[in-house]
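Inspection log for the structure reproduced underneath, given as structure tokens.
Readers should treat all values here as calculations from the given coordinates under stated rules, not as data from a laboratory. Quick caveat: nothing in here was measured; it's all calculated off a predicted structure. So basically every Cβ, Gly included, is an ideal-geometry build from the backbone, and we count neighbours across all protein chains shown.
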Amino acid sequence: MRRRTAFAWISIICLLLSAGCSLFPPERSVVDKILEEMENLSEPSEEEKQQVKKEAEQYLKERYGEEFYVDNLHYIWQTDTWDMRGHLKNEEGWDFWVSKARGQFKDAYFIHRISRDAEEEIKPQIEEAFDSLINWDTSVGVPEEIEDQYAKSIPSYQELREQTKRYYQTITIALATSLTEKNQEQEFEEVYRLVSYLNQNNIRAEIEIFYYDPSIKEKGIKKVDFTRQVQYEGFLTAKIEIDDVSQVKRERDLENHFRFVNK
């Protein structure tokens, strides 16, 4: 693949030189030729795709001792990287990221599996605690060496917590409630209910809660995309950010972790 990338750049340079490259931008026809050449040269053959697919599936099997398959293979010629989606065979719902760069494979199966366990565990707590819930998300992170240690026999999230403290859970929640001084006490009760559960079960976690004006639902927004927070700023009334739930010993400690959002 590196040869392909190098050849692509050589071809582009040749096209520029043949067009009389100068300090001025090349003509549109030259740009079109360059883009077409880049696209043609960067597209791997079907044989190459099948080879990478085979290697990825073998890598996953050897790493986790289970049967997988991959699809949606995409080659990024600028970085000489393959991105693809992995699946656990004979079981739906196990879609995770896999990549190959500089001859090395990486994947998110371990994190995906532990995070799903975490989601199932705290889902009842969140749905019970918050009346105005829009949506929420959680993920669990661990160091690479922990993944390597448990890859062949992945424990449940609860078992992992009993065996190591080298993990961290992130919980993000969106609520359709305008947090004000009048309802602050009631809202803190709801948050503290969740925090207490996490602390009682020795779950190392951070929490971020966004309080949106209820009018957000009138705009047809049924789910907040936590990767694009800026597009909801007009509805945001307040936030609670807790870097470490173990810091919250009492309900009133939440006062140190929230702020109103100035419009």
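Here are some pairs, LYS182/LYS249; LYS106/LYS217; LYS152/LYS223; which of them have Cα atoms lying more than 31 Å apart in this structure?
Where the Cα-Cα span goes over 31 Å, the pairs concerned are LYS106/LYS217; LYS152/LYS223.
Using the Cβ atoms and a cut-off under 13 Å, what net charge is assigned to the surroundings of SER115, where Lys and Arg are +1 and Asp and Glu are -1?
With Lys, Arg at +1 and Asp, Glu at -1, the net is -4.
On full extension of the chain, what length is gained from GLU66 through LYS219, given 0.36 nm per residue of separation minus the C-alpha to C-alpha distance? Walk me through the numbers before you get to the answer.
Numbers: separation 153, 0.36 × 153 = 55.08 nm, distance 4.48 nm.
Stretched out fully, the GLU66 to LYS219 stretch lengthens by 50.6 nm.
How far apart, in nm, are two points set 7 Å out from the Cα along the Cα-to-Cβ line at LYS54 and at GLU255?
6.8 nm
Given H placed 1.01 Å from N in the peptide plane, which residues other than close sequence neighbours of THR177 have an amide H under 5 Å from its amide H?
Under 5 Å from the amide H of THR177 lie the amide H atoms of TYR212, each far enough along the sequence or on another chain.
Remind me, what semi-axes does region 46-107 give for its equivalent ellipsoid, largest first in whole Å, using sqrt of 5 times each Cα gyration tensor eigenvalue?
The three semi-axes for region 46-107 are 19, 12, 11 Å.
Run the numbers for GLN158 and TRP97: contour at 0.36 nm per residue of separation, minus the present Cα-Cα distance, in nm.
Numbers: separation 61, 0.36 × 61 = 21.96 nm, distance 2.37 nm.
Full extension from GLN158 to TRP97 adds 19.6 nm.
Taking R0 as 22 Å, what's the FRET efficiency between SER45 and ILE76 from their Cβ-Cβ distance, rounded to 0.05? Before the final figure, lay out each step's value.
Details: r = 16 Å, r/R0 = 0.74.
It comes to 0.85.
Divide, for region 136-199, the radius of gyration over alpha carbons by 2.2 N^0.38 Å, where N is the residue count.
1.55
Please list, in order along region 187-200, the HN-Hα scalar couplings obtained from phi with the Karplus expression 6.51 cos²θ - 1.76 cosθ + 1.60 (θ = phi - 60°), rounded to whole Hz, x for Gly and Pro.
With coefficients 6.51, -1.76 and 1.60, one gets 5, 5, 4, 5, 5, 5, 4, 5, 4, 4, 4, 4, 5, 5 Hz.
May I ask for log10 I(q)/I(0) of region 159-229 at q = 0.11, 0.24, 0.26, 0.27 Å⁻¹, from a Debye sum over the Cα atoms as equal point scatterers with solvent left out?
Debye curve over Cα of region 159-229, log10 I(q)/I(0) at q = 0.11, 0.24, 0.26, 0.27 Å⁻¹: -0.39, -1.11, -1.19, -1.23.
Can you divide the C-alpha Rg of region 94-243 by 2.2 N^0.38 Å and report the result to two decimal places? Write out the running numbers ahead of the final one.
On the way: Rg = 17.5 Å, N = 150, 2.2 N^0.38 = 14.8 Å.
Cα-based Rg divided by the globular estimate yields 1.18.
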